[in-house]
Amino acid sequence: MFDILDKYGAPKNAYTLACTLTPWFGWITAALFVAGLVGGLILAPPDYEQGESFRIIYVHVPSAWMSLFVYMVMASAGAMGLVWKVKVADAIARSCAPMGAWFTFLALATGSLWGKPMWGTWWVWDARLTSELILLFLYLGYMALQSAIDDRRMAARAGAVLALVGVVNIPIIHYSVEWWSTLHQGPTVSKFDAPSIHISMLIPLLIMTLAFMSYFATILMVRVRGEILDQERNTSWVRKLCEKSEA
Amino acid sequence: MFVMNPKRRKVLFTIIFIVMGMGLATALALKAFQENLLYFYSPMQIKNGEAPTNRAFRIGGLVVDGSVQRDQQSLVVSFDLTDTLYNVTVNYDGILPDLFSEGQGIVANGRLDEDGIFKATQVLAKHDENYMPPEVAQALADAGAQIPTDHLKAQK
């Protein structure tokens, strides 16, 4: 286990691995998106109460889950960078932030579009919506901090501390609908008893979630490759790589 | 690379300390602001006098079956909200959301008048966490089963 981590903690090996895996993940992502979208938009039946508008959950719910998941990846990678000074971990943390911000924005935007016809309002300041908005600001703050500090090591360290402090928001977002009375509905899928969603609607939702996960992995690898090249631009292996592609 | 030495252990413990400390501080702060974080009050809380009387607040509950009375000439509507323990009558003059119906979860914004009637300035539908095809909902209704909702359960 640690041998593998040791090997791919080296920027060059991580770069090579990401190059090999990217096309595979790309195709898996495309296949999952086709399956999930056909299942969600065509095969799944309309909801008994919301009709066709419920189909927005196939984007809203996966992006909301991803906004939390990406944050945990970012904070964990940041912690690894802090403790063990793994450069690849710093590159991963830095690459996560813009994607996490987009997932958060997508969750907020789709939720708002759904809220207007269903609730009767675009936005309310209840605990779930407000804590998710704070998550968006955490991502944006992290990105601003990264670009404000010129030195890479310093930027990674400051970013990791900010990300770790912000981790406290993640359980708040998740449990907000249970701890307080909110306009946002309670959990549908992650309940202790059976999910409150019919199986014909649940399967496309799970496929879409896998598609989002796989999409995240693909884009993360592309971004990390760029980060590694930038980070290692003065090393001999990057120079050799550039000469090879120029020739 | 992942070997622990005293310096790394110190950094790791500092991180754990920061995260736990932040968690504790936030938990205490949220506990203190518990009251302000409630998006709405339940009818029972209003009966117990926990809701503010001198400012606007929100009330949440289920629309009581058969309690909806519409004025023929205007948009004025009156209905009862329940948390199964206590009912509060709500008056509203405005457009109701599409999901408004008897038995539906509703959150209304407004204030309580002297007679204990809630004068709403805004009515929002609270959607529940259930998703099912129309046929399944029909079958459940035919069987006389209640669609399980725990989102507006009575708050003690």
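For the reader, a short list of remarks on this structure follows.
- Hydrodynamic analysis of the protein assembly as shown uses the Kirkwood radius over alpha carbon pairs. Inserted into Stokes-Einstein at 10 °C and 1.306 mPa s, it gives a translational diffusion coefficient of 66 µm²/s.
- Peptide B:84-96 is shielded by partner chain Cβ atoms: per residue, an average of 0 of them sit within 10 Å of its Cβ.
- Length-normalised contact order of chain B in % [C-alpha pairs under 8 Å, at least 6 apart]: 19
- The coefficient of translational diffusion for region B:43-142, derived via Stokes-Einstein from the alpha carbon Kirkwood radius under 37 °C and 0.692 mPa s, stands at 228 µm²/s.
- Rounded to the nearest 10 degrees, the inclination of helix B:6-32 to the longest alpha-carbon principal axis of chain B is 20 degrees.
- MRE, 222 nm, helices only [DSSP H, n ≥ 4, -39500 (n - 2.57), over chain B, to nearest 500]: -9000 deg cm²/dmol
- Filtered trypsin sites (Lys or Arg not before Pro), region B:31-90: DSSP coil and at most 16 other beta carbons within 10 Å: B:55
- Within a Gaussian network of chain B (alpha carbon springs, distance under 10 Å), most fluctuating of B:92, B:131, B:39: B:131
- Contact order relative to length of chain A, as percent, for alpha carbon pairs under 8 angstrom and 6 or more apart: 31
- Under the convention that each Lys and Arg Cβ holds +1 and each Asp and Glu Cβ holds -1, the size of the dipole of region B:43-142 around its Cα centre is about 440 debye.
- GNM result for chain B, Cα springs below 10 Å: residue of B:130, B:91, B:109 fluctuating most strongly: B:130
- Gaussian network model of chain A, springs between alpha carbon atoms under 10 Å - residue of A:196, A:76, A:63 with greatest fluctuation: A:196
- Structure-based [θ]222 nm, chain A - -39500 (n - 2.57) summed over DSSP H runs of at least 4, per residue, nearest 500: -26500 deg cm²/dmol
- Potential extension, residue A:3-residue A:178 segment - 0.36 nm per residue separation minus Cα distance: 58.8 nm
Bear in mind these aren't lab numbers, they're just calculated from the coordinates by the rules spelled out. Keep in mind it's a predicted model, so treat the numbers as computed, not measured. Cβ coordinates were reconstructed from backbone atoms using ideal geometry, including for glycine residues, and neighbour counts include every protein chain displayed.
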